[in-house]
Amino acid sequence: MSDIILKSADEIALMRTAGQLLAQVFAALDERVEVGSSTLELNDFVETYITDTLQARPASKGQYDYPYVLNSSVNEVVCHGIPSASKRLKQGDIVNIDITLEKNGFVADSSKMYLVGQTTPIARKLVDTCYEAMWQGIRCVRPGATTGDIGHAIQTYAEQRGYSVVREYCGHGIGREMHEKPDILHFGSPGVGIRLQAGMTFTIEPMINQGSHRTKTKKDGWTVVTRDKTLSAQWEHTVLVTEDGAEVLTLRDEERAAGV
């Protein structure tokens, strides 16, 4: 626990601001993810919106020498998809857009799945299952629970519906740095792992595959794909452990309206 940074009330207020700004980015992006959009066009729009409209910093750009402000992971891409001018979204694609934002010294991190045009029921089911799996994990967050409780809830929900959970990538603590302790695995056993305390902030970001959980990284050194070329989905929120539960710092308006 000595490596885990508990946030003060003032720091939580700043993280809440960053999270709300990031939710605004997704709201602005929603109408731009469509058939024919290139993933680089989406990247450039987000960079301008974060820097010029929100007067914030796109935290992914330059992190680990990554040159873009977002990841755009289409269909069989599990995570870390690189924006490209030649990668145009097609009818029926599913795409995860993963964005980070820093404001006043604190980072927020979130991702959202988009269904492009008319998608198949099979693809939609995967996306919906992944979303609910994330929320199964979030609902476990409270003081005294463990990181294993979160992972177990996600894994159980996904596997009972015939999907697999990616093992190599996990959620993470977040605050002044994009990646802090603890790691949040999306599989595991109840009661195992780090015990949660009020003031902890971290991401929950399960990657759920249609087929095997096995992945591979392409030669570009970034793009991670399913080994069996089946579809993959991911959702992500930044979460605060409160005195009696959890607060989703990156909650979007449509989620708040739906009462999730």
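Taken together, the values in this text are just the output of simple stated rules run on the coordinates, not laboratory data. Treat the numbers as computed from the prediction; the structure is a model and nothing was measured. Note that we place each Cβ from the backbone using ideal geometry, even for glycine, and neighbour counts take in every protein chain shown.
Observations on the model:
- Tensor-based shape of the stretch 4-152 (alpha-carbon gyration tensor, a/c under 1.5 rounded, otherwise prolate or oblate): oblate
- Look at the dipole of the stretch 1-152 built from charges on Cβ: of Leu70, Trp135, Val25, the Cα furthest out on the positive end belongs to Trp135.
- Summarised as an ellipsoid, the stretch 1-58 has semi-axes of 30, 13, 10 Å, derived from the eigenvalues of the Cα gyration tensor scaled by 5 and square-rooted, with the largest first.
- Within the listed set Val192, Val95, Val166, the residue fluctuating most in the Gaussian network model of the chain (springs between alpha-carbon atoms under 10 angstrom) is Val192.
- Orientation-averaged projection of the stretch 77-167 equals 8.1 nm² [convex hull of Cα atoms, one quarter of hull surface area].
- Cα gyration tensor, the stretch 175-230 - rounded (a/c under 1.5), prolate or oblate: oblate
- Each Cα pair under 8 Å and six or more residues apart adds its sequence gap; the mean of these over the residue count of the chain is a relative contact order of 23 percent.
- Ranked by the mean number of other Cβ atoms within 10 Å per residue, highest first, peptides 54-62, 77-85 order as 77-85, 54-62.
- Packing-based order for 112-120, 142-150, using average beta carbon neighbours within 10 Å, highest first: 142-150, 112-120
- By the Kirkwood approach, averaging reciprocal distances over each pair of separate Cα atoms, the stretch 106-260 gets a hydrodynamic radius of 15.9 Å.
- Two-site FRET efficiency, Glu31 against Lys229, from Cβ-Cβ distance with R₀ of 25 Å, rounded to 0.05: 0.25
- The simple spin-label model puts a point 7 Å past each Cα toward its Cβ; for Arg139 and Thr217 those points are separated by 3.5 nm.
- The alpha-carbon of Lys7 sits under 25 angstrom from the alpha-carbons of these lysines, leaving out residues fewer than 8 places away in its chain: Lys61, Lys103, Lys181.
- Cα-projected label distance for Leu115 with Arg195, points at 7 Å along beta-carbon direction, nm: 4.3
- Dipole moment magnitude, nearest 20 debye, the stretch 120-200 about Cα centre, only Lys, Arg, Asp, Glu C-beta charged: 140
- The label point for Asp128 and the one for Asp10, both projected 7 Å from the Cα toward the Cβ, are 4.7 nm apart.
- Each Lys and Arg adds +1 at its Cβ and each Asp and Glu adds -1 at its Cβ; summed about the Cα centre, the chain shows a dipole of about 700 debye.
- Per-selection metrics, the chain (Cα): Rg and Dmax in Å: 17.1, 49
- Which of Phe45, Phe202 has the fewest Cβ neighbours within 10 Å, and the rest in rising order: Phe45, Phe202
- Of the residues Met200, Val239, His213, the one whose Cα sits farthest toward the positive end of the charge dipole of the stretch 194-247, with +1 on the Cβ of Lys and Arg and -1 on the Cβ of Asp and Glu, is His213.
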